[in-house]
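Right, one structure below, let's go through it.
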Amino acid sequence: MKLGLAIAPLEAQPSAFVVMRDRLETSIAKAARMGYDGVELALAQASDVDVPQIRAALDEHGLSVPTVSTGRVFAEGRMWLTNPDRAIRARAVDTLKGLIDTAAALDASRLNIGRVRGFVAEGEERARAEERFFETISLCASHAAAHDITIVLEPVNRYEINYINSVWPDGLDVVSRLGVPNVKLMPDVFHMNIEDASIAASLKAAGSQVAYIHLADSNRWAPGQGHTDFDAIFEALESIGYDDWATVEILPYPSPDEAAQQALEYLRPMLARRTPTAAV
């Protein structure tokens, strides 16, 4: 299993929920020195990155970009896919298409959809908001398919959004009813610790729909700093045949560098004990 680290440009707000906010080239170099396999980029718009410059930094340090994440489109851009305002929905779709193009240019195979999916507004019927989501996510997925990119839908806990909170049943229900082949699930075990009755059972229920995963402990600090049972998580992932990317998305405590190092020092030996050849 490959390990990634979520990073964001220096101008990103703390709501990006990444461990490192710095010049992307600086964070890429740090992640490589620590021993990560890649970096997930938290972007607000396509212009956040100079693609040739970032590709050069990735090549220099031997890292990949598994995913581009989009929480900043929601938190900073104030755009989301369920918005009742058609013009805002259109801007959100255009922004996400631009990020899909950026992901493709960086050889990333996924685009994350977390909070940017939006929410059910107060007094509105869920079915109406979901109708807008299905329409807009399908437009994004069609654009992504042309670049061989998978949209990974991240269930997010109820304290941050009120639509698609759990992996099971919420997330699996939505992707099943949507029925778009390149829209799959992206479990985040921090959110699952709040919403899913059993993280392991939900991962097993999601099965082949799991296309990416975020790792953080129960307190959103580095794995090993809370009470999450990561052995049970990796056992569940093995049982469904998932052996792809797992990216650390954690708070920068006690400091960004310490948090990133703690995560790696906890996860690498655990993966080595379970599947030695996957952790080399």
Residue within the range 63-71 that is open to solvent by 40 Å² or more (accessible area, probe 1.4 Å) and farther than 18 Å from ARG110 by Cβ present = no
Give the residues of the range 146-160 that are aliphatic (A, V, I, L, M), touching a strand residue (DSSP E or B) at 6+ places or on another chain (Cβ under 7 Å) and in a loop (DSSP other than H, G, I, E, B), sorted by residue number.
-> ILE149
Collect the residues in the range 85-129 that are of a type in the set (S, T, N, Q), under 14 Å from the mean Cα position of the chain (by Cα) and within 11 Å of HIS147 (Cα to Cα), keeping them in residue-number order.
-> SER109
Return a yes/no flag: does the range 198-206 have any residue that is within 17 Å of THR136 (Cβ to Cβ) and touching a helix residue (DSSP H, G or I) at 6+ places or on another chain (Cβ under 7 Å).
-> no
Reported set for the range 82-134 where residues are in contact (Cβ under 8 Å) with a residue 40 or more places away in the chain and of a type in the set (Val, Ile, Thr) is THR82, VAL93, THR95, ILE100, THR102, ILE113, VAL116, VAL120
Can you tell me how many residues in the range 16-31 are surrounded by 23 or more Cβ atoms within 10 Å (Cβ to Cβ) and either acidic (Asp, Glu) or over 30 Å from PRO269 (Cα atoms) (or both)?
-> 0
Looking at ASP94, ASP101, ASP107, which is the one that is at pLDDT 95 or above, charged (D, E, K, R), assigned to a loop (DSSP other than H, G, I, E, B) and open to solvent by 20 Å² or more (accessible area, probe 1.4 Å)?
-> ASP107
Of the residues in the range 37-56, those that are open to solvent by 10 Å² or more (accessible area, probe 1.4 Å) and either more than 23 Å from VAL156 (Cβ to Cβ) or hydrophobic (A, V, I, L, M, F, W, C) (or both) come to ASP37, ALA44, ALA46, SER47, VAL49, ASP50, VAL51, PRO52, GLN53, ARG55, ALA56
Checking MET34 against (1) open to solvent by less than 50 Å² (accessible area, probe 1.4 Å); (2) under 17 Å from the mean Cα position of the chain (by Cα), which test does it fail?
-> (2)
For the range 114-121, state whether one or more residues are farther than 30 Å from ALA57 by Cα, open to solvent by 50 Å² or more (accessible area, probe 1.4 Å) and either out of contact with any His (no Cβ under 7 Å at 6 or more places or on another chain) or outside any helix (DSSP H, G or I) (or both).
-> yes
Using the structure shown, decide if ALA129 is out of contact with any helix residue (DSSP H, G or I) (no Cβ under 9 Å at 6 or more places or on another chain) and not in a loop (DSSP other than H, G, I, E, B).
-> yes
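When the residues of the range 1-15 are filtered to those that are among the hydrophobic types (A, V, I, L, M, F, W, C) and open to solvent by less than 10 Å² (accessible area, probe 1.4 Å), which remaining residue is nearest to the chain's Cα centre (by Cα)? Quick ask: steps written out before the conclusion?
As a first pass, look at the range 1-15 and keep what is among the hydrophobic types (A, V, I, L, M, F, W, C): 1, 3, 5-8, 10, 12.
Still in the list and also open to solvent by less than 10 Å² (accessible area, probe 1.4 Å): 3, 5-8, 12.
Working: LEU3: 13, LEU5: 11, ALA6: 8, ILE7: 11, ALA8: 13, ALA12: 16 Å.
That would be ALA6.
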Out of all the residues in the range 80-91, which are of a type outside the set (D, E, K, R) and open to solvent by 20 Å² or more (accessible area, probe 1.4 Å)?
-> TRP80, PRO84, ALA87, ILE88, ALA90
Among residues belonging to the range 2-19 that are touching a Leu at 6+ places or on another chain (Cβ under 7 Å) and at pLDDT 95 or above, point out the one that is nearest to PRO223 (Cα to Cα).
-> LEU3
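Residue-wise test of (1) touching a helix residue (DSSP H, G or I) at 6+ places or on another chain (Cβ under 6 Å); (2) of a type in the set (S, T, N, Q).
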| residue | (1), (2) |
| --- | --- |
| ALA6 | no, no |
| LEU10 | no, no |
| VAL18 | no, no |
| ARG23 | no, no |
| VAL39 | yes, no |
| SER64 | no, yes |
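The values are calculated or read from the model by the stated rules, or taken from the named source; none is laboratory data. As the structure is a computational prediction, the values presented were derived from the model and not from experiment. Cβ coordinates were reconstructed from backbone atoms using ideal geometry, including for glycine residues, and neighbour counts include every protein chain displayed. Areas reflect the complete protein model, heavy atoms only, side chains present, ligands, DNA and RNA absent. Shrake-Rupley method; radii C 1.70, N 1.55, O 1.52, S 1.80 Å.
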